[in-house]
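The values are calculated or read from the model by the stated rules, or taken from the named source; none is laboratory data. Only a predicted model underlies this, so the values are computations on that prediction, with no experimental measurement involved. Cβ sites come from the backbone with ideal geometry, for glycine too, and all protein chains shown count toward neighbours. Please note that ligands, DNA and RNA were not included when accessible areas were found on the heavy atoms of the full protein model with its side chains. Shrake-Rupley method; radii C 1.70, N 1.55, O 1.52, S 1.80 Å.
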Amino acid sequence: MEVIQMVDLQGQYKKIKSEVDDAIQRVINEAGFINGPAVANFQSELASFTGSKFVVGCANGTDALQIALMALDLKPGDEVITVPFTFISTVEVIRLLGLKPVFVDIIPDTFNMDVSQLKSAITERTKAIVPVHLFGQCADMESILQIAQQYNLYVVEDACQAIGATVTFSDGTVRQAGTMGTIGCTSFFPSKNLGCYGDGGALFTQDETLAKKIKMIASHGSAVKYHHDCVGVNSRLDAIQAAILSVKLKYLNAYTEAHRKAAAFYNHHLSRCSALEIPVTAPFTTHVYHQYTLKLLQPKRDQVQMELKSQGIPTAVYYPVPVHLNMGYRDLDYAEGSFPVTETLASQVLSLPMHTELNEEQLSFIVENLLNAME
Ligand SMILES: *Cc1c(COP(=O)(O)O)cnc(C)c1O
């Protein structure tokens with residue numbers, strides 16, 4: 001049996017090696033390293049794939065979130081509502097810009113924003129909501145957009161884990177993760193569902209003025225060279241990464257299917273174990289299984305992880321510490337117990353290997369050993 005990994009980037013590369021190698025060579029031949037044609041090509045391909053009017057590449061997903069918030073002209077002290085159960089970037093950029101993160105808890109089934117708590121978190125200083133489409137399924141965007149409209153708030157989607165996931169609205173329209181809010185953000189970190197071979201990210205918007213502003217902020221606040229209309233950052237999608245992404249985008253639907261197939265295998269074989277809960281997908285969204293995350297209903301996660309590790313099966317905990325309980329975020333003054341669902345889940349979640357190259361032999365081996373470890 002092939003060695004089991006959380007993510008198998010080498011196995012995936014082998015199958016597209018000649019295409020990727022050619023694409024990289026082409027960028028080197030044309031020397032269009034910075035904002036070359038490879039970047040423009042990928043941006044327009046991603047726009048048609050997602051149905052987004054505008055796509056602007058940038059250096060990584062964290063920058064995408066920061067640039068999005070900068071483009072909305074928020075003032076220090078303005079409040080941004082998000083969740084404490086996410087990768088740190090979501091909240092880090094809010095703090096970096098001197099804004100105030102305000103948390104609402106998540107739903108225990110889907111790990112996404114509990115929209116029923118949104119209204120009570122809104123104050124006069126609230127300017128934006130940042131829902132996170134965690135693990136590959138979308139937050140309840142229809143409700144979030146409704147509330148945002150009612151209170152005149154921006155919505156910045158953190159779609160770093162959910163590229164390719166869709167939401168079906170009650171009027172029947174279907175929209176992709178990242179393209180529903182004022183601005184959407186994604187990451188091409190290697191292990192993401194559409195990952196490059198280094199860092200990369202992108203922003204989505206349907207608003208031309210905002211798209212121009214985003215582009216300007218990402219290039220030193222400049223639309224015309226050496227004229228700086230605002231304070232910006234230097235955050236570009238590397239041309240070699242863009243060329244790789246153009247190749248991989250053609251396979252994204254197949255990759256998503258591979259994730260779903262692995263998830264279906266896990267679901268089928270793990271659903272009968274009463275000591276754990278398999279992932280639940282909300283009815284309005286599809287799931288691209290960036291992570292396959294279980295809830296262990298017994299307090300022996302460390303032991304289960306250790307037993308699996310001894311069999312050569314890696315697992316991971318996303319995320320062991322809720323954002324508000326991290327040392328660097330204690331000054332937000334959210335005491336332990338502030339977000340009981342998040343805090344409970346942080347001690348229960350366990351993510352299994354999930355990638356495009358998992359075969360049935362590996363999946364069976366993982367399931368068998370996990371069921372043994374749970375006994
Ligand atoms: C990966 C990720 C980010 C950050 O993306 P980078 O490209 O690593 O900067 C932000 N938010 C979430 C939810 C992520 O998973």
Exercise. Collect residues whose amide H, placed 1.01 Å from N in the peptide plane, falls under 5 Å from the amide H of residue 106; neighbours closer than 5 in sequence don't count.
Key: 114, 341, 342
Practice problem: Quick one, can you get me the convex hull of the C-alpha atoms of segment 98-188 expressed as volume per residue in Å³? | Solution: 103 Å³
Quiz item: On average, how much area does the Cα convex hull of the chain cover when viewed from any direction, in nm²?
Solution: 18.9 nm²
Quiz item: Treating the beta-carbon of each Lys and Arg as +1 and of each Asp and Glu as -1, no other charges, what is the dipole magnitude of the chain about its Cα centre, to the nearest 20 debye?
Solution: 580 debye
Self-check item: Surface share of carbon and sulfur [accessible, 1.4 angstrom probe, percent] for segment 51-194
Solution: 50 percent
Exercise. Just the number, please: carbon plus sulfur as a percent of the accessible area of segment 260-335, 1.4 Å probe, no ligands or DNA/RNA counted.
Key: 55 percent
Quiz item: How large, in Å, is segment 172-226 by the Kirkwood hydrodynamic radius built from its alpha-carbon pairs?
Solution: 12.8 Å
Exercise. Rounded to whole Å and sorted largest first, list the principal axis extents of the Cα atoms in segment 229-375.
Key: 63, 46, 35
Self-check item: Calculated FRET value between residue 331 and residue 274, using beta carbons and R₀ = 30 Å, to 0.05
Solution: 0.15
Practice problem: Mind scanning 100/295; 53/213; 127/213; 53/215; 15/192 and naming the pairs with a C-alpha gap bigger than 24 Å? | Solution: 100/295
Self-check item: R0 of 22 Å, Cβ-Cβ distance residue 26-residue 48: FRET efficiency to nearest 0.05
Solution: 0.60
Quiz item: Quick one: if the Förster radius is 41 Å, what FRET efficiency do residue 230 and residue 297 give, using the C-beta to C-beta distance and rounding to 0.05?
Solution: 0.20
Exercise. Return one whole number: the accessible area per residue of segment 27-74 in Å², for a 1.4 Å probe.
Key: 40 Å²
Quiz item: Summing Lys, Arg as +1 and Asp, Glu as -1, what charge do residues with Cβ under 15 Å from the Cβ of residue 28 carry, residue 28 excluded?
Solution: -3
Exercise. Hand me the trypsin sites (Lys or Arg not before Pro) from segment 187-230 located in a DSSP loop with no more than 14 other Cβ atoms within 10 Å, in residue order please.
Key: 225
Quiz item: Under a 1.4 Å probe, what is the accessible area of segment 215-334 per residue, stated in Å²?
Solution: 51 Å²
Quiz prompt | Relative contact order of the chain, pairs being alpha-carbon contacts under 8 Å that are 6 or more residues apart, as % | solution = 22 percent
Exercise. Specify, per residue and in Å³, the volume enclosed by the convex hull of the alpha carbon atoms belonging to segment 1-58.
Key: 129 Å³
